[in-house]
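Visitor: One structure, as structure tokens, below. Some questions next.
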Amino acid sequence: MSRFYEAGPLAQVGINLFYGYGYNFYRQENQLRADDQRVRQMACSLLSRARAGLDQAESRYRRENIPPPTRANPFPDPAVIANALVLERLGREVGRLEGLVRHQPVPENDRMAQRYRQEAATLATLAEKDAVLVGQAELLRSMVEDASADTILAGKSEIETGIAAITTTLRDRQTFLL
């Protein structure tokens, strides 16, 4: 029988290799760390879909409301341009939020941090903050995805409130880790 089929010694070698890299797949902290990455990826996906919805609404609004220039009317209506710029700004702000979520810090996985910080409790608290973040991102996505520009412009203050709330949640998360 080949040594490749001896489960006991092979499992021991594998576990020693995992420990050598600082990874123990049975520790709760590692599961929480993986969950944190997955949840932030989910929030980024939702914010990306919200940004795409805003970008589509803006392009549709510009296409439908800004006529080609003519000799009689070379410049478009300033109110229409202002609305298009509002849609563009909202899209940029949601894109900025997506970048902030993607680059959020996580607790270090080194021996000093494990000695002086209760890693499982820290990651569990981060999971709670991330759950709020995903809920906020989903609410924002539901408000703007497949919505018309007029609907988005009518709910502009609510969308701006959502952007501010997500920014506050991200700031709280960063402050917690410091």
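Visitor: Set the Förster radius R0 to 35 Å, insert the Cβ-Cβ distance between Arg63 and Leu178 as r into 1/(1 + (r/R0)^6), and round the FRET efficiency to 0.05.
Guide: For R0 = 35 Å, the calculated efficiency reads 0.15.
Visitor: Rounded, prolate or oblate: pick one for the stretch 28-177, where a ≥ b ≥ c are the square roots of the eigenvalues of its C-alpha gyration tensor, a/c under 1.5 means rounded, and failing that, prolate if a/b is larger than b/c, else oblate.
Guide: Prolate, because a/c is 1.5 or more and a/b exceeds b/c.
Visitor: Rounded to whole Hz and in sequence order, give me ³J(HN,Hα) for the stretch 120-134 from the Karplus expression 6.51 cos²θ - 1.76 cosθ + 1.60, θ = phi - 60°, writing x for Gly and Pro.
Guide: 5, 5, 4, 5, 5, 5, 4, 4, 5, 5, 5, 5, 5, 4, 5
Values quoted throughout were computed directly from the atomic coordinates according to the rules given, and no laboratory measurement underlies them. Please read these numbers as outputs of a predicted model, since none were measured by experiment. Cβ: placed from backbone, ideal geometry, glycine included. Neighbour counts: every protein chain shown.
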